[in-house]
1. Using a simple spin-label model with points 7 Å from Cα along the Cα→Cβ vector, what separation in nm is obtained for residue C:167 and residue C:65?
2. Just how far, in whole angstrom, is region D:190-224 from region B:228-294 if you go by their alpha carbon centroids?
3. Chain A: longest stretch without exposed GluC sites (Glu not before Pro) (DSSP loop, at most 11 other Cβ within 10 Å), sites themselves excluded?
4. Using a label point 7 angstrom from Cα along Cα-to-C-beta, what distances in nm, from shortest up, separate residue A:3 from the other copies?
5. Compute, for region A:1-82, the length of the dipole vector about the Cα centre, with Cβ point charges of +1 (Lys, Arg) and -1 (Asp, Glu) only. Units Debye, rounded to 20.
6. List the DSSP H helices in chain A whose Cα atoms stretch 15 Å or more along the helix axis and whose mean Kyte-Doolittle hydropathy is at least -0.5.
7. Under a plain spin-label model, where a point goes 7 Å from the Cα along Cα-to-Cβ, how far apart in nm are residue A:305 and residue C:191?
8. Mind checking which lysines have their C-alpha under 17 Å from residue C:68, skipping anything on the same chain fewer than 8 residues away?
There are 4 protein chains.
Amino acid sequence: MSEKINIGIVGATGYTGVELLRLLSNHANAHISVVTSRGDAGTKLCDMFPSLRGVYPDLCFTHPDDAKLDACDLVFFATPNGIAMTQAVELLDKGVKIIDLSADFRIRDIPVWEKWYKMTHACPNTVPKAVYGLPEMNRDKIKNAQIIANPGCYPTCVTLALLPLLKQGCLKKNTPIIADCKSGVSGAGRKGAVANLLCEAGDNFKAYGAAGHRHLPEIKQNINNIAVGFADNFIFVPHLTPLIRGMHATIYVTAENGADLRKTLAEFYSGSLFVDILPQGMLPETRSVRASNFCRIAVQKTPEMENAYILFSVIDNLMKGAAGQAVQNMNLMFGLPENEGLKITPVLP
Amino acid sequence: MSEKINIGIVGATGYTGVELLRLLSNHANAHISVVTSRGDAGTKLCDMFPSLRGVYPDLCFTHPDDAKLDACDLVFFATPNGIAMTQAVELLDKGVKIIDLSADFRIRDIPVWEKWYKMTHACPNTVPKAVYGLPEMNRDKIKNAQIIANPGCYPTCVTLALLPLLKQGCLKKNTPIIADCKSGVSGAGRKGAVANLLCEAGDNFKAYGAAGHRHLPEIKQNINNIAVGFADNFIFVPHLTPLIRGMHATIYVTAENGADLRKTLAEFYSGSLFVDILPQGMLPETRSVRASNFCRIAVQKTPEMENAYILFSVIDNLMKGAAGQAVQNMNLMFGLPENEGLKITPVLP
Amino acid sequence: MSEKINIGIVGATGYTGVELLRLLSNHANAHISVVTSRGDAGTKLCDMFPSLRGVYPDLCFTHPDDAKLDACDLVFFATPNGIAMTQAVELLDKGVKIIDLSADFRIRDIPVWEKWYKMTHACPNTVPKAVYGLPEMNRDKIKNAQIIANPGCYPTCVTLALLPLLKQGCLKKNTPIIADCKSGVSGAGRKGAVANLLCEAGDNFKAYGAAGHRHLPEIKQNINNIAVGFADNFIFVPHLTPLIRGMHATIYVTAENGADLRKTLAEFYSGSLFVDILPQGMLPETRSVRASNFCRIAVQKTPEMENAYILFSVIDNLMKGAAGQAVQNMNLMFGLPENEGLKITPVLP
Amino acid sequence: MSEKINIGIVGATGYTGVELLRLLSNHANAHISVVTSRGDAGTKLCDMFPSLRGVYPDLCFTHPDDAKLDACDLVFFATPNGIAMTQAVELLDKGVKIIDLSADFRIRDIPVWEKWYKMTHACPNTVPKAVYGLPEMNRDKIKNAQIIANPGCYPTCVTLALLPLLKQGCLKKNTPIIADCKSGVSGAGRKGAVANLLCEAGDNFKAYGAAGHRHLPEIKQNINNIAVGFADNFIFVPHLTPLIRGMHATIYVTAENGADLRKTLAEFYSGSLFVDILPQGMLPETRSVRASNFCRIAVQKTPEMENAYILFSVIDNLMKGAAGQAVQNMNLMFGLPENEGLKITPVLP
């Protein structure tokens, strides 16, 4: 079909990569022409991921040196941090569009990025051209972008809950915003690390990165872009919970007198296809979005203190937190219905 | 749209019911007009299953007494055993088609059914009209059936592996066929039983029903319908494994001299949309079919004994083992593409 | 042996009951003379809990009407709320000691108790005699008590982290104390509730009781007993995480200038057998205390705000959060070494 | 204390190593004097395994070059295959006793060992001196042994079920013995392999090693040592199930006419401290032995075929399948009560 988008995927041997492959297999306009892997060139995708048998029966990983990425309309980078920035400029120059699922283009302040990611940035001049791909915040810019910095999972989960409240002035300045976040283990990727073994991460719960996590500066940047004067009081603690997929943020905020948080959220997201504000008394659970692109958000006044509210936000970290959001961005960039390939009813149980 | 099939679902508060609702939400020809529940009449579906928020925003459970099931083109029974048989005759008389996901119409021998299910059958004369809904065995009969007995999960998983081998005479008579089967916990349904609590079934593995399980006579009937003289040597042991979804059968058989089991399976299923025969050396895992309608089967010669082979068969018990197969049957009954609503890439990880 | 304590257990068919049985089976001074159950009288304990085969080969559940509890030295109540209060007075009058693992004697303010537990208290005059059985707070009182209100799991996990800090004036008044808590599913007990099925609570994470949980007034009472002026700013949100055992509290506090939180904790617990303060940079994980009576606590300064600290506290909810603490209290009441029967190295992995 | 056994552990950074450390921490006669690790020399044990904080507060890993293993009374090898065989001879010459938890000394037929383990054996002459450490089979030999080959987990679980039946002639010759086995993931060890990640092995079930697993020749050797003429018909298929600990064997056998399998098992194990034969109608579950040294075995006649029986055997793979059995062997070698350090009530739930 002439309308198909010619797509390349760099680094599809991880969980965000295989999730992209799942989504694009049911996308009316996607044609995957090349999937690269340095270590697994020549291997059939479906030999590595038997879930793809019959879906991509013949597609093989191509060595990066042999991949004609510049013939693609769109290239997804589902790579570790530090790869996309070395290849982006050349592709952009040839008119290729890019969606980078790694962190290379997320942070505008280059020294901040270099401090947290412990690398020298390869193309700092390209960073300002990249649009932060949170459609609910930047929909119009995304439509016209050539390169998208696809957001991190924690930043997506937290920012979607705060965005309307900060924008409409519902939160009191100089009060803490505390995001106590819990992630499933797939967020740690598909590398053979002892900490992510079933016998280590299973039947176990722990905090990690409390002294500083890379998603902290990204969330602070988002907060600052929405409203000045809140980022300095933002506290973020990630935890690992024995789920495969799923992310849950519990966010403690102080409201301005008279602010109606749920109403503000509901109105802001009234036209949104993927953000769902729950009615009073219902709290979200991660499985209610499993394998789908939804984010569900609840608001609860504390029984304890005046103006103290708790926000609850859940996403599937591989979907709205990674590959699903990337496809949503692709749809916007190519003028397609925003939910093409994403009309997925969550898998429950 | 005029081509929509008008569908009723009886008893959609269990896992096969919510799975049917998930599948039909992405089916081009399905219109769900009524969903019944005695205990939850008036409740919105999406209040019970928040995964359905936005998918069926307004649909409520209807009390059976108020449900106009006879106005439907098709009624699914996702009920406990013993319900469908009390309502089927009346609906059939009015020209409604029926797919029964319970066991009421699976066993032709009424005394055998009554012994295993410990009830008197309410409509024994209707049983012969019901077609056993395993499409790979009965595709043509299903197309013309008015009532379908949707197979059990274990019988589906085991029969698909044995069907071509028995049919083509690949197995030696008077030798045991041993099916050591493992099921996820969703097979036990969504009732509050202590044995299925996370703290009982989690981090635990056990056999159950070794002295006799209701799926035993169903599998024996299937074997007998394919080839005479094998059912008496069939041994079946089910086990419970801490998965939500997934079923794995390990089947020990003795081959006739010279039989090529993998080739026989591959040829038989060469045109099948949902049965996948794995290449030599690859064994199936349950997650390779998670949330999809596939069955994947492998064959392995034992290193120990001549002509001793092991078959490995996996399905998602809620999909090919229940709701997915039901939709496949519906497609056949209504002349639709067999995989309409079932073009689902498995969810991995 | 003459030194054995004659013990009765009321209601040992739940998880705290079977945990008590596990602990007492390795306790040098325990002799279990009677275990009651209304529904399972006559059943061998080891037929209900096969883990106890060989441990209590002949012990059977006794019907409450036949149980001579007044012949015991000590009676544990491992019952639902509302049972112990109906039997305590008579036993106390006969000189029997009581450790109540339910909530009947935890709250001093009877109207508060009746509001949260939705019952009329059966013996309000006995409540003041009950000692709150948190040994690290009330060790001396416990030694002389005749009746112990064994603390709830969340209150134990949270109070142990706050106790030394509140006592030593380390926390700033009029600032929030936020306890974001996560519990394994065994805390919900061994009743057949749909919400606790493996297929509901497994592979899922959610908050619950955010509008008000019964452990809230208990924690507030503890805070008030330690230091005045903090309980009103206390916020508590419990979450359910797919563990069998384990509880994790993440507590956000604001310190007084110059306070050294870790040092204060370490000094306070320097002689404690069960509370372990982790060194700088180490965060606790629930499995590090699995099946043991330990509580491990870490302190982390936030990278974001001055004087903002995070406390991390983990326990096994069935041990230090229930049965383990009960045995610790028994040891104190009977002048035994505090860790008799509790010298358990955690089970990892 | 003068009666303490001076113990060294080589390679305690894996799961069998930390399990040994757990058991020996509650053993009246154990003194651990040295624990070696090449990669982690100088690290405190409790920094790697926080479950050991307070238990071994000061013990550090020693570099093998600095370890005075020859000053020990007993050395455990909890190492990968191929290490113990390079150090055993020297230690034996100095009078040290050895319990090897790896496979180096399990197989008498050196070429068979070398074929399955793909190495040249370093000390083939020592192999005949090693006693196979299955106490229920070799108790007297173990008491006098200087070196013990501690059995594999699958061989323990399967052999204990077959031993009395083969010994007493209960099984029919020239019929298959099929062992369909399921193991928790800790059996695969604590190395960072992708296949054992929570996101790969969790919520998943699969067979592996069906074409040949290293425990096959070990089980065949056991069968042959008990009764001639059965090993050639032995079929073994291992599966991976999402448990941390636990192993379940389902074994299909054909009995001689008139043989009473349960009675034979019960009589054989009547004096055994760790093998428990379940009554008719009860099937074992893995959690009934969690963290303990028990093996529980059930017998079930099939409802299908005459003389066809099914045996069910469960162990904790890290306990009776590894470290627990090693301590049992140590107790026998040093004339201690066989269950010293092993009087552990299983952890349930």
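Computed from the coordinates by the stated procedures, all read-outs in this text should not be read as laboratory data. Everything numeric here is computed off the predicted structure, so don't read it as measured data. Glycine gets a Cβ as well: all are built from the backbone with ideal geometry, and neighbour counts include every protein chain shown.
1. Distance between label points: 4.8 nm.
2. Spelled out, the Cα-based centre of one part sits 20 Å from the other.
3. Answer from the scan: A:4-305.
4. Label-point separations across copies, in nm and ascending: 1.7, 8.5, 8.5.
5. Roughly 180 debye, rounded to the nearest 20.
6. Correct list, ordered by number: A:153-167.
7. About 3.4 nm, to one decimal.
8. C:94, C:97
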